[in-house]
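Reading through the structure tokens given below for one structure.
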Amino acid sequence: MSYAPGSAPGPYGPPAGAFGLSPSPTPRVRWGLWAFLAVEIVFLGASAVLGRIVDIDSAGAVLLAIAVPTMLAALTCVGWTLWRGDGPAPDLGLRFRWEDVGAGLLIGLAGLFVTVPAAFGYLYLVGPDLTTSVSVAFEGIRSSWPVALAVMVGVVVIAPVCEEIVYRGLLWNAVAKWVTRPWLVGLIVTAAFSLAHLELLRAPLLFVVALPLAVARLLTGRLTAGIVAHAVNNFLPGLALALMLVGAVPVV
């Protein structure tokens, strides 16, 4: 396997990074941006099909319509690495290390000190029109606690895992084939992530929210820290959504 310029491991393995982390080198993958385009086509196609065949009148149906395309996109990424690469571990950084869990928790909690004030400030500037597509999809729907908790799992677990595989995994290494500065790769991927949600009003806020996830990828070269940080970031919105679905708090 070849590696991006300046990222090849030394004779004693990769050097220790910040906080004692051991970052993995960025692989020079055998697929490019066209693979990400294919993943996006899968995601949008699955979303369109489910939107036509699923009657979106319950929380379970909305969860299905949101989660299935996201999971199919992530599975398509894994499929690319199996077909055109060396597998998801080396190609996507889909490796588990306990040190990355700790780093993800630290980065995620530290990121909240930036993203939460940014969210309130942006809400103040934009006004009540600042809504998310997920909250709009569940608007006016009530459910039981088991279904509400399943929705929360979708927001806090499924979405972080799948989105990190797609963006900080597949897209990151595709961009790294052409951009040699890791910090610039992070900015490009963060911008793509913020725009891919198709919520242009929220795109600047999503960019700020996603910056800690790029930091996690930069520090470790793997996905676990970013997944954990992403889950930390999504926890409060996921909890709020679950409470809204059971009627404990008003839907906004």
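The values are calculated or read from the model by the stated rules, or taken from the named source; none is laboratory data. Predicted model only: the values in this text are computed from it and were never measured. Every residue, glycine as well, gets a Cβ built from its backbone with ideal geometry; the counts of neighbours run over all protein chains shown.
A few comments on the model shown:
- Selection of region 51-70 for residues being aliphatic (A, V, I, L, M) and buried (at least 18 other Cβ atoms within 10 Å of the Cβ) yields Ala59, Val62, Leu63, Ala65, Ile66, Ala67.
- Of the residues in region 28-39, none is without any contact (Cβ under 8 Å) to a residue 12 or more places away in the chain, over 29 Å from Pro90 (Cα atoms) and assigned to a helix (DSSP H, G or I).
For (1) without any contact (Cβ under 8 Å) to a residue 24 or more places away in the chain; (2) within 29 Å of Ala48 (Cα to Cα), each residue gets a yes or a no:
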site: Trp98; (1), (2): yes, no
site: Ala103; (1), (2): no, no
site: Thr115; (1), (2): no, no
site: Ala118; (1), (2): no, no
site: Ser135; (1), (2): no, yes
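- Residues of region 235-249 that are surrounded by 15 or more Cβ atoms within 10 Å (Cβ to Cβ), within 13 Å of Ile141 (Cα to Cα) and either of a type in the set (S, T, N, Q) or in contact with a helix residue (DSSP H, G or I) (Cβ under 7 Å, 6 or more places away or on another chain) (or both): Leu241, Ala242, Leu245, Val246.
- In region 203-217, the residues that are of a type outside the set (A, V, I, L, M, F, W, C) and buried (at least 20 other Cβ atoms within 10 Å of the Cβ): Pro212, Arg217
- Residue check, Trp83 loosely packed, with under 14 Cβ neighbours inside 10 Å, touching a Gly at 6+ places or on another chain (Cβ under 9 Å) and under 30 Å from Pro25 (Cα atoms): no
- From the list Arg142, Arg95, the lone residue that is under 30 Å from Gly32 (Cβ atoms), modelled with pLDDT under 95 and surrounded by 14 or more Cβ atoms within 10 Å (Cβ to Cβ) is Arg95.
- Selected residue (only one of Val157, Val153, Val179, Val185 is of a type in the set (A, V, I, L, M) and crowded, with 20+ Cβ neighbours inside 10 Å): Val185
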